[in-house]
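For reference, the structure discussed in these notes is given below.
The values are calculated or read from the model by the stated rules, or taken from the named source; none is laboratory data. Every value quoted in this text rests on a predicted model; they were computed, and no experiment measured them. Glycine also receives a Cβ, built like all others from the backbone with ideal geometry; neighbour counts cover every protein chain displayed.
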């Protein structure tokens, strides 16, 4: 059994991580990446995008780690299958998959983005937009950018899915808490 304070702390870290990772990723994908087209020099565009993402990588990493640790820790305790009803078990399995997808796409994006930034001094790879190569973008960098576009979309989709599943799980828990769960809870 886990005491309520520890469970609540893990849940708060999980929810903070989800908010900061998904919010930052969406901002980068839908605001920063397209906005750099306002910068005339395509190398400066790459420099700005790479500097911005490299500056946010630590927050993204800690946030995504908090999501995963918070969720998978709860799977060992209060969200074990034997403590959930059938619909909650299905949602929990969906959340397992979405969390793994978020980790895989997030980590891969971070590694690929770091490699992209190293392809020119100060990250000044010529680009059209954050995930769109320019005609003069070197082929390896262009391939990385196209991959980052796909990974970024998948990463955001997994985050949106996590928010939806979280809401559904929370609503079910608040609306109809299973008696088994109530019997196993311990307050401190």
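Quick check on my filter: what residues within region 14-56 are without any contact (Cβ under 8 Å) to a residue 60 or more places away in the chain and under 11 Å from the mean Cα position of the chain (by Cα)?
17, 19, 20, 23, 24, listed by residue number.
Could you please find all residues in region 90-107 being farther than 16 Å from residue 171 by Cβ and either surrounded by fewer than 19 Cβ atoms within 10 Å (Cβ to Cβ) or free of Cβ contacts under 8 Å to residues at least 12 places away in the same chain (or both)?
93, 96, 97, 100, 101, 103, 104, 107
Are any of the residues in region 34-52 loosely packed, with under 15 Cβ neighbours inside 10 Å, out of contact with any helix residue (DSSP H, G or I) (no Cβ under 8 Å at 6 or more places or on another chain) and within 24 Å of residue 101 (Cα to Cα)?
No, because not a single residue in region 34-52 is loosely packed, with under 15 Cβ neighbours inside 10 Å, out of contact with any helix residue (DSSP H, G or I) (no Cβ under 8 Å at 6 or more places or on another chain) and within 24 Å of residue 101 (Cα to Cα).
Can you name every residue in region 113-126 that is under 24 Å from the mean Cα position of the chain (by Cα) and crowded, with 17+ Cβ neighbours inside 10 Å?
113, 116, 117, 123
Given the options 6, 64, name the one that is more than 30 Å from residue 138 (Cα to Cα), exposed (fewer than 14 other Cβ atoms within 10 Å of the Cβ) and free of Cβ contacts under 8 Å to residues at least 60 places away in the same chain.
Testing whether each residue is more than 30 Å from residue 138 (Cα to Cα), exposed (fewer than 14 other Cβ atoms within 10 Å of the Cβ) and free of Cβ contacts under 8 Å to residues at least 60 places away in the same chain leaves just 6.
Tell me, yes or no, whether region 137-155 has at least one residue that is touching a residue at least 12 places away in the same chain (Cβ under 8 Å), in a loop (DSSP other than H, G, I, E, B) and surrounded by fewer than 19 Cβ atoms within 10 Å (Cβ to Cβ).
yes
Can you tell me how many residues in region 118-151 are modelled with pLDDT of 95 or more, in contact with a helix residue (DSSP H, G or I) (Cβ under 8 Å, 6 or more places away or on another chain) and under 18 Å from residue 60 (Cα atoms)?
Total satisfying the criteria: 2.
Would a scan of region 165-182 turn up a residue that is at pLDDT 95 or above and within 24 Å of residue 13 (Cβ to Cβ)?
Scanning region 165-182 turns up at least one residue that is at pLDDT 95 or above and within 24 Å of residue 13 (Cβ to Cβ).
Residues to consider are 74, 87; find the one that is surrounded by fewer than 16 Cβ atoms within 10 Å (Cβ to Cβ), modelled with pLDDT under 95 and assigned to a helix (DSSP H, G or I). Steps first, answer last, please.
Values: 74 fails: surrounded by fewer than 16 Cβ atoms within 10 Å (Cβ to Cβ).
After ruling out the rest, the residue left standing is 87.
Would you mind stating whether residue 94 is at pLDDT 95 or above, assigned to a helix (DSSP H, G or I) and over 13 Å from the mean Cα position of the chain (by Cα)?
Spelling it out, residue 94 is indeed at pLDDT 95 or above, assigned to a helix (DSSP H, G or I) and over 13 Å from the mean Cα position of the chain (by Cα).
Could you list all residues from region 18-30 that are within 15 Å of residue 105 (Cβ to Cβ) and buried (at least 17 other Cβ atoms within 10 Å of the Cβ)? Steps first, answer last, please.
Initially, region 18-30 is screened for residues within 15 Å of residue 105 (Cβ to Cβ), giving 18, 21-22, 24-26, 28-29.
18, 21, 22, 24, 25, 28, 29, listed by residue number.
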